[in-house]
1. How high is the relative contact order of the chain? Use alpha-carbon pairs under 8 Å, at least six apart in sequence, and give a whole percent.
2. So for the pair residue 451, residue 433, with labels modelled 7 Å out along Cα→Cβ, what separation do we get in nm?
3. Let's test the formula: R0 of 60 Å, r as the Cβ-Cβ distance of residue 132 and residue 225. What FRET efficiency results, to the nearest 0.05?
4. Quick check: pseudo-label points 7 Å beyond the Cα along Cα→Cβ at residue 63 and residue 205, how many nm apart are they?
5. Using a Cα-Cα cut-off of under 18 Å, which lysines could be cross-linked to residue 139, ignoring same-chain neighbours fewer than 8 residues away?
6. Could you pull out every Cys in the chain that lacks a partner Cys with its beta carbon under 4.7 Å away?
7. Holding the Cα-Cα limit at 22 Å, pick out from 603/726; 180/218; 430/726; 603/772; 184/218 the pairs that are longer than that.
8. Before anything else, pin down the relative contact order of region 100-205: Cα pairs under 8 Å, at least 6 apart, normalised by residue count, whole percent.
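The values are calculated or read from the model by the stated rules, or taken from the named source; none is laboratory data. Computed from a predicted model, the values in this text were never measured in an experiment. Virtual Cβ from ideal backbone geometry, glycine too; neighbours counted across all protein chains shown. Protein only, heavy atoms only, side chains kept; ligands, DNA and RNA dropped before computing areas. Shrake-Rupley method; radii C 1.70, N 1.55, O 1.52, S 1.80 Å.
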Amino acid sequence: MIFGDKRGQEAGRNYPMLPLRGVVVFPHTPVSLIVGRSRSVAAVAAANEKGREIFLAAQRSGDRTAPEADDIYEMGTIARISQALRLPDGNTKILVEGLRRARVQRYLDNPAYFEVVVQEFHPPTQYSTEVMALVRTVKVTFERFVKLNRSVPPEMLLTVNALEDPDRLADTLIAPLKFKMEEKQELLEMVDVRVRLERVYRALLNEIEFLQVERNVKSRVKKERATSQREYWLNEQMKAIQKELGEKEGRSDIEELARAIAAKDLPPLVQDRAEKELRKLSQMNLMSAEATVVRNYLDWVIVLPWTERSGDGPTLSESAQILNEDHFGLRKIKERIVEYLAVSRLVDRMRGPILCLVGPPGVGKTSLGRSIARAAGRPFVRFSLGGIRDEAEIRGHRRTYIGAMPGKIIHAMKRAGTVDPVMLLDEVDKMTADFRGDPASALLEVLDPEQNMGFNDHYMDLDYDLSDVTFICTANTLQGIPLPLQDRLEIIQLSGYTEREKAAIARRYLLPKQIEANGITPETLEVTGHALLAIIRQYTKESGVRELERQLARVCRKVARRVVRFGPETSVRVTSRNLEKLLGIPSFDFGKRDDEDAVGVVKGLAVSPWGGELLNIEVATIPGKGSLILTGRLGDWLKESATAAFTYIRSRSDALRLEPDFHDSQDFHVHYPGNALKTDGPSAGIAMATALVSALTGIPARSDTAMTGEITLRGRVLKIGGLKEKLLAAHRGGITRVLIPEANRRELEEVPAHVTESLQIIPVSHMDRVLKEALAGEAAAEIFGAYGPDQEFAVDSPQAERPSGSGVHGD
């Protein structure tokens, strides 16, 4: 509590005390009170008998009807009872006037009413110059407050200006200010007049600032209202003048809308809805907010294509030529588009295809959509779904909301201008869901050919036919696309480009584009084939060609700088020897085969976001207790494959001429060196098994051989994914022999011919065949040499003596 200094204090006297609920009485302030509690009535009666003075103190909480000493503030006011009147309901109404501040020292033992001994505080007789200056400031500020606040009577300003006592002035100004109960009690406890005046002065400034803002807001609203009314009356007068002059009403907005609706070839239901909204608009005040909503709605109905179609596009051969001009490779998607165009020539009405192009970044998914639109002779519209998490972004907002608009689908149709555009939904796997809805669920209707002929946007509230739209979705992976949505899509996988395809794309498209963009001529710059291949291998690591284009742009900028420096006759020939001077130290290295066969070292094949990778798999045996140690940022799936391979080797220990307890005295460390990207998947199972067998038997693995395939506990080799990318990596790394699962044999048709011709590809279905083909040396020939390519090797062992169908067999 704030009590100020000790000046003006008087020794304790005892007074009857009246606890107050929700009221704080200040000195020099008259207050009317209703007294009803028995102890309070007794305190008033006792005060009337003892000089009519009573001590008033506020309760801490007004809920207590029978307060105790702890429920009452210590600081209060000694007041004089001016009048006391008994009311018909038994209560007593008293009029009191505060005299001076006092603080409870102790409570006396009185069962009839509260009786306390208080310490009184008398204001000083003289004040400092600082206090008197503060009095003048407070009076001037209060005058500003009265001018802004009409609820304060002007007579109070005269009363305040007449007050010269700072103590009385501070207490008088508390009443017109909006203080809370706790703040009033705090002011009562401020015995120091200077501190109390400063608090009142700050409150006056706050109230003045609030009142000024309130006045500005009212003035602005009043002005806007007057402007709106003035514009309305002016419009009415203008209509009257035009009518008197004989001018037609056709210039009005409503007439223009009516003519636009009549000229538009709308479906019957849409026509009826538009005319109904137009009649509603004609009966409204055109300056109202609701009229603006209806007008915007009619504008959308008019501007949307309902029956407009694209004209005849290019011929089938011209379409195929356009696709080949714009993109290199991508045979599957080009064939699908040409097939669709061919069927559309034969039928009157054909639903548009709904395709989903799935592939790594930079392979041309988005640009392919634009090329398809050009080949079909149709408008192209695109919008990105990445980061969308609100269903209303697809379906739009209902017109009841302020600022409502149609969704992205209707916006795209407006931009297209026809009912049969090519619409690209980019990054469909990047959508998310939250409390506002799931946009992927809204796309179920859009991308369902059985439902999208009646797509209903929340804003339009009309069925819109999307069945003629060619939808093309793009995604990097299928993991982000819900399964119900995948079921509605015709998914076409786009794998990464081969080095030869990248070189062709760079030569045909990227390099000419960058030469033109950087202001040089084809005669100025020559990039050799070896230099282009070096850029692809050593300065990029991607499935697409975006980084390749950036590196070619760097080369062109270096050449442009030389042309400006040495003149337009300058010419630069980029070779693999001077490439490092232009692009700096190579950023990447690609996997290469080893020069010599090695024990425990096998080449595996994997797929990364940048395409196929050639991986080294190393195995070392060390003294231990049979633990299998796996290092090199390996995923859980890959670790399980290593365990399966190790179990297979233990089950074949006799056939491999290993001691039955070979695993009891040594540990086996499997390591993937240089594996910057976390590797996972089962396709390295046969490679790890081969490396383990090589380390255990001491037979070196062939350095010219790479392999991929999942292994089972019985040694069977299962199908894997990404065969094309893996064979490309093996070809790039100088590998000549590749072991693949037998189940992947049919996928070899999708691998470029120059790759399959340069590799000896050996399909296998059992681990025994893998070991026969992968291990080198006389020891390997001694174990595996007597058996044909499709036979399981056998020796004198319990496994070899088992009847057919009861043990581990080969193919």
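1. Values: 1425 pairs, mean separation 56.1, N = 811.
Worked out over the chain, it gives 7 percent.
2. Inter-label distance under the simple model: 1.3 nm.
3. Taking R0 as 60 Å, the efficiency between residue 132 and residue 225 is 0.80.
4. 3.8 nm
5. 147, 178
6. Cysteines lacking a close Cβ partner in the chain: 556.
7. Cα-Cα > 22 Å for 180/218; 430/726; 184/218; rest within.
8. On the way: 82 pairs, mean separation 27.2, N = 106.
Contact order relative to length: 26 percent.
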